[in-house]
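Notes to accompany the following structure.
The values are calculated or read from the model by the stated rules, or taken from the named source; none is laboratory data. The structure displayed is predicted, hence computed values, not measured ones. Neighbour counts are summed over all protein chains in view; Cβ atoms, including those assigned to glycine, are modelled from backbone coordinates with ideal geometry.
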Amino acid sequence: MDGDSHSSLWSKLSKLFSIRGEDNLEQVIIDARKDGELQQEEGNMLLSILQLGETQVQDIMTPRTDIDCVSAGTSTVDAARSILKSGHSRLPIYQDTRDNITGIIYAKDLLPYLVEDCAKREPQTVEHIMREPYFIPETKLSAELLQEFRSRKNHIAIVVDEYGGTSGLITIEDLLEVIVGEIEDEHDAPREEDILRISDDELIIIGRADLDDLSDFGINLESDEMDTMGGFLSLHAGHVPHKDETFHFVGWDFVVIAADAKQIHKISAKRSQPTKATHA
Ligand code: ADP
């Protein structure tokens, strides 16, 4: 958004407030969008900004299992190779296990070690150039983290659970995506859709698909404990379901079509007769 459209949006907003005499900002935006006083896009973006104040980092972080990282003691050259392979510009360093993240290496800090005359210096390990990780709890609100990223001039944080274990990783891009939707950068590999519609009565669902997103496809599964489809089925089964295990919920048949010992990767969902939840 350029400076002009930015200021015109805020002047529109202050006008709306004075006219409507509402003190619920969300309602003001919804009404103004409905009445055409705000464009659809502008309204949606403002509502998403408000949503940042309610979204916990654990809802939008990259989960622990998807973090690309390197172990302590890795040489700078091998770390550069890992960065190239992962396509991410920063990798956490761990000592012994992923639960013990001790630093973060930045691609740009590695560059001098790859230039010929510097590379002749003594071989270095990542410990020499890594930066301090910034640890945050899973429950931190995204709006608060955005402020912290701005004031600390650091745009990556490691999310830890209440026992100090690594829960995930979050960057400023994850926060901005809440506001403006998916941002694809030059290195993002095309991502497999989390939910693929085959027909009105059939879907393919990736294990990490969000339960909330399934409701857009007419599947309303609710859980206080789990956010993902894979987690939901594992909770219901009491173990990590294996390939071909089937479930029936809310009028749909779910069949696990790909899984390993630790997680479900893919599920097929076909509409059936509405029945009470059962597990075969
Ligand atoms: P980059 O350009 O280095 O990938 P971004 O800040 O643009 O970093 O993040 C893009 C996405 O990649 C975000 O969803 C973020 O959580 C994720 N991400 C960043 N670094 C890593 C990493 N080392 N391992 C896994 N995911 C990462």
Give the residues of region 237-271 that are acidic (Asp, Glu) and touching a strand residue (DSSP E or B) at 6+ places or on another chain (Cβ under 9 Å), sorted by residue number.
Asp244, Glu245, Asp253
State whether one or more residues within region 86-108 are away from the ligand (no atom under 16 Å from the Cβ), among the acidic types (Asp, Glu) and in contact (Cβ under 8 Å) with a residue 60 or more places away in the chain.
no
Looking at (1) modelled with pLDDT under 95; (2) more than 18 Å from Ala72 (Cα to Cα), find the lone condition where Glu127 falls short.
(2)
Identify the single condition in (1) surrounded by 16 or more Cβ atoms within 10 Å (Cβ to Cβ); (2) in contact with a strand residue (DSSP E or B) (Cβ under 6 Å, 6 or more places away or on another chain) that Ser234 does not satisfy, given that it satisfies every other one.
(2)
Matching entry among Ile205, Ile158, Ile195, Ile219 (being within 30 Å of Gly73 (Cβ to Cβ), among the hydrophobic types (A, V, I, L, M, F, W, C) and either at pLDDT 90 or above or assigned by TED's automatic domain parsing to the domain that holds Ile104 (or both)):
Ile158
Residues of region 21-76 being within 16 Å of the ligand (Cβ to nearest atom), assigned to a helix (DSSP H, G or I) and closer than 30 Å to Val126 by Cβ, which ones?
Val57, Gln58, Arg64, Thr65, Asp66
Tally time: how many residues in region 192-220 are over 18 Å from Gly251 (Cβ atoms), crowded, with 16+ Cβ neighbours inside 10 Å and not small (Gly, Ala, Ser)?
3
